[in-house]
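The values are calculated or read from the model by the stated rules, or taken from the named source; none is laboratory data. Just so it is clear, the structure is predicted and the values come from calculations on it, not from any experiment. Cβ coordinates were reconstructed from backbone atoms using ideal geometry, including for glycine residues, and neighbour counts include every protein chain displayed. With ligands, DNA and RNA removed, areas are computed over all heavy atoms of the protein, side chains included. Shrake-Rupley method; radii C 1.70, N 1.55, O 1.52, S 1.80 Å.
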Amino acid sequence: MALDPLIVAGVAATLLGVGTPIGIAIRRRRVAPLMLCCIDGVLRNYSVELTADVLRIGRSADSDLHLPDASASRRHAEMLREGSGVRLRDLGSSDGVWSDGGRIFEALLQPGDQFQIGAHVFALLRAGDASPAVRVHRRLDGEVLSLEKFEIEELLYSGAHFTIMRARRRDDAQGEVVAVKFLNQVGVQHELMRGRFDAYLQAAVAQSAAHPALVRVLGGSAVAVRPYVIQSFAAGLSLSKRIAGITMIEARRIFAQLCDIVEQLHEQGLHHGALDASDVLFVEDGSVRLANVGCARVFGETTTSMRDDIAGLAVLGELLCGGGVRRMHAHTVADLRERWKIMRMRCHVEDVQCSGFRPLRLHILQTGHAVAVSSNPYLLGRVLNPADRSLSREHAELCFDHNVWMLRAVGNRGASIILNGASLDGSQPIVVGDELRLGDTTLRITE
């Protein structure tokens, strides 16, 4: 068995009467180093050993500890070794450093102490110590900034107005994934923003629940230290990030859906107000959803109108379908449909004898999964069975028209589409009980 050379030297030195200094060195060696550990926030479970004399914390990329948090200042705080502890100093940040309900500007921390910067809670620990329970550190007028209901997983976006986090509900047995959108500090106008945010939040919860094409607003708070809104999580990318890979067929289908959504909003007396590509989100079935409907009123100095939606939709039409739309004057969604020869895709009771949209389910025999057809139109592609390389991303499409579900090929690149044993010829109606084969994937239609 190999012996530690320092221990051997210590024993020998002791026998020779000079063991005290080496014995002290041995004891010092056994003291675990100090660690700064993040115990809540995006950087949860991240830790850094405090070996340097100074550790600078902030939003700046050249900080020793970079915080991906819009509420953090570029140079937010610093930690300096001092004796057996660490001195924490606020560097004049706008949002502050908080500990146990109060803002601190300078304090000497000992192992076990906690503090909070933005949405991150840190603890000073010795290496090997267990992570402590997270305490509430920020309070304002009796309100608590609390992320106890959410397990923050990832920073999705940080901008001038909002910081958006992907989170998982801790109080939900299924671990529902949601997006938590925090309103950033806006200086002297913050209280004005709170009032506008409260009005937006109340309207958004009711409006999104009644409109299937809007990203659901599930709740939130306008009186929390950092006002926030909880939204359904749209798993796909925004149009601004996905535009490069969209084919012309898919682009026209997306624009048709956007025209339908905006038209429906206007029929209900609603409007988006600041429609752009970042507000168009794709969900797993390929259909689009609109986010931030009505949010423009929170920050806008002037009121918006339906004409702003038409202008925004026209720019999206040019982005998706091309053409010099800025040279035309569009006053209605119908004008934009005419410009790009886009047909209405949703079922209107006044246009056709429609008893209502009938959702379907697709049972994938190869995987055993069932998929709900919840949008019109519904794209069938590789997302159904990623293991089937014969499937195109846009293989076929289901469209509910004149009270009947219709199946048609879209971009299947010549791969087979078999309906009830026969090759698909043009568009064909489908009913419950039909069997559909796309490439090597077999689907059974049920209710």
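Quick rundown of the values:
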{"quantity": "Theoretical gain in end-to-end length, Tyr157 to Glu49 [0.36 nm per residue, Cα-Cα removed]", "calculated": "36.1 nm"}
{"quantity": "Table column - 3J(HN,Hα) (Hz), the range 65-81, Karplus curve with 6.51, -1.76, 1.60, x for Gly and Pro", "calculated": "10, 7, 9, x, 9, 5, 7, 7, 6, 4, 10, 8, 7, 9, 10, 10, 5"}
{"quantity": "Separation between Cα centres of the range 190-243 and the range 38-113, rounded to whole Å", "calculated": "31 Å"}
{"quantity": "FRET efficiency, 1/(1 + (r/R0)^6) with R0 35 Å, evaluated for Arg74 and Arg307 via beta carbons", "calculated": "0.35"}
{"quantity": "Label point distance in nm, Ala32-Ala206, each placed 7 Å from Cα along Cα→Cβ", "calculated": "5.5 nm"}
{"quantity": "Rounded, prolate or oblate (a/c below 1.5 giving rounded, otherwise prolate when a/b exceeds b/c) for the range 223-299 by Cα gyration tensor", "calculated": "oblate"}
{"quantity": "Stokes-Einstein D (µm²/s) once Rh is taken as the Kirkwood radius of the range 55-113 over alpha-carbon pairs, at 25 °C in 0.890 mPa s", "calculated": "208 µm²/s"}
{"quantity": "Charge sum, other residues only, whose C-beta stays under 13 Å from Gly433's C-beta, Lys/Arg counted +1 and Asp/Glu -1", "calculated": "-1"}
{"quantity": "Solvent-accessible area, 1.4 Å probe, carbon plus sulfur percent, for the range 264-313", "calculated": "50 percent"}
{"quantity": "Shape call, the range 203-349: gyration tensor on alpha carbons, a/c limit 1.5", "calculated": "prolate"}
{"quantity": "Three-way shape call for the range 30-79 based on the alpha-carbon gyration tensor, with the a/c threshold at 1.5", "calculated": "oblate"}
{"quantity": "FRET efficiency for Ala127 and Thr442, using Cβ-Cβ distance with R0 set to 41 Å, rounded to 0.05", "calculated": "0.15"}
{"quantity": "Potential extension, Met248-Ala199 segment - 0.36 nm per residue separation minus Cα distance", "calculated": "13.7 nm"}
{"quantity": "Whole-Hz ³J(HN,Hα) from phi, Karplus 6.51 cos²θ - 1.76 cosθ + 1.60, for the range 368-373, glycine and proline x", "calculated": "x, 7, 10, 10, 7, 8"}
